[in-house]
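Just below is one structure, and these are the notes that go with it.
The values are calculated or read from the model by the stated rules, or taken from the named source; none is laboratory data. Predicted model only: the values in this text are computed from it and were never measured. Positions of Cβ are backbone-derived with ideal geometry, glycine not excepted, and every protein chain shown enters the neighbour counts. For accessibility, only protein heavy atoms count, side chains too; no ligands or nucleic acids. Shrake-Rupley method; radii C 1.70, N 1.55, O 1.52, S 1.80 Å.
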Amino acid sequence: MNWQYLLEADVLVELGKKLQQYRKHLGLSQQQLADKIGISRYRISNIERGENFTMEVFIRLLKTYNKLNDMQQLFEISNISPKELFQKSQDKK
């Protein structure tokens, strides 16, 4: 799936589905997850349906799923100069 081309509301829906799949993979009920991160089961249900939630709640979910360190990939900056990047793209052609 190319997340880049989705509308924000669609990203939330897809993210909610992924969070729900992972919760189920871990064998947690909505209530168990809610208890772990300190929010209501109703909020978990809303998140899994794609309703908006705060970054704080998202961070809590990632910590619970032991995935917070995966966020590092989002913020890695390449040491490759724009010129080198261009040259590499030309080499592939």
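Is it the case that Leu61 is farther than 23 Å from Met1 by Cα, in contact (Cβ under 8 Å) with a residue 24 or more places away in the chain and not in a loop (DSSP other than H, G, I, E, B)?
Here the answer is no, as Leu61 does not meet what is asked.
In segment 50-67, how many are exposed (fewer than 13 other Cβ atoms within 10 Å of the Cβ), under 25 Å from Glu8 (Cβ atoms) and of a type outside the set (Ser, Thr, Tyr)? Break it down into steps so the answer makes sense when it comes.
Within segment 50-67, the first condition is being exposed (fewer than 13 other Cβ atoms within 10 Å of the Cβ), and the residues that meet it are 52, 54-56, 66-67.
Imposing the further condition that a residue be under 25 Å from Glu8 (Cβ atoms) reduces the set to 52, 54-56, 67.
Then drop every residue that is not of a type outside the set (Ser, Thr, Tyr), which leaves 52, 55-56, 67.
Of the residues in segment 50-67, 4 are exposed (fewer than 13 other Cβ atoms within 10 Å of the Cβ), under 25 Å from Glu8 (Cβ atoms) and of a type outside the set (Ser, Thr, Tyr).
Output the qualifying pairs, or none if there are none: Cβ atoms under 7 angstrom, residues six or more apart or on different chains, first residue in segment 12-32 and open to solvent by less than 90 Å² (accessible area, probe 1.4 Å), second residue part of a loop (DSSP other than H, G, I, E, B) and at pLDDT 95 or above.
Pairs that qualify, where the first residue is open to solvent by less than 90 Å² (accessible area, probe 1.4 Å) and the partner is part of a loop (DSSP other than H, G, I, E, B) and at pLDDT 95 or above, are Gly16/Arg49.
Does Ile44 qualify as being of a type in the set (A, V, I, L, M, F, W, C), buried (at least 17 other Cβ atoms within 10 Å of the Cβ) and under 18 Å from Lys67 (Cα atoms)? Show your work before the answer.
Numbers: of a type in the set (A, V, I, L, M, F, W, C): yes; buried (at least 17 other Cβ atoms within 10 Å of the Cβ): yes; under 18 Å from Lys67 (Cα atoms): yes.
It is true that Ile44 is of a type in the set (A, V, I, L, M, F, W, C), buried (at least 17 other Cβ atoms within 10 Å of the Cβ) and under 18 Å from Lys67 (Cα atoms).
Hey, among Asp35, Asp70, which residue is at pLDDT 90 or above, surrounded by 10 or more Cβ atoms within 10 Å (Cβ to Cβ) and out of contact with any helix residue (DSSP H, G or I) (no Cβ under 7 Å at 6 or more places or on another chain)? If you could, list the steps in order and put the result at the bottom.
Values: Asp70 fails: at pLDDT 90 or above.
Within the list Asp35, Asp70, the selection yields Asp35.
Taking only segment 73-93 into account, find how many residues are loosely packed, with under 10 Cβ neighbours inside 10 Å, part of a helix (DSSP H, G or I) and of a type in the set (Asp, Glu).
Narrowing segment 73-93 to residues loosely packed, with under 10 Cβ neighbours inside 10 Å: 73-79, 81-83, 89-93.
So of that shortlist, the ones also part of a helix (DSSP H, G or I) come out as 73-75, 82-83, 89-91.
Filter once more, keeping what is of a type in the set (Asp, Glu): 91.
Residues flagged as loosely packed, with under 10 Cβ neighbours inside 10 Å, part of a helix (DSSP H, G or I) and of a type in the set (Asp, Glu) within segment 73-93 amount to 1.
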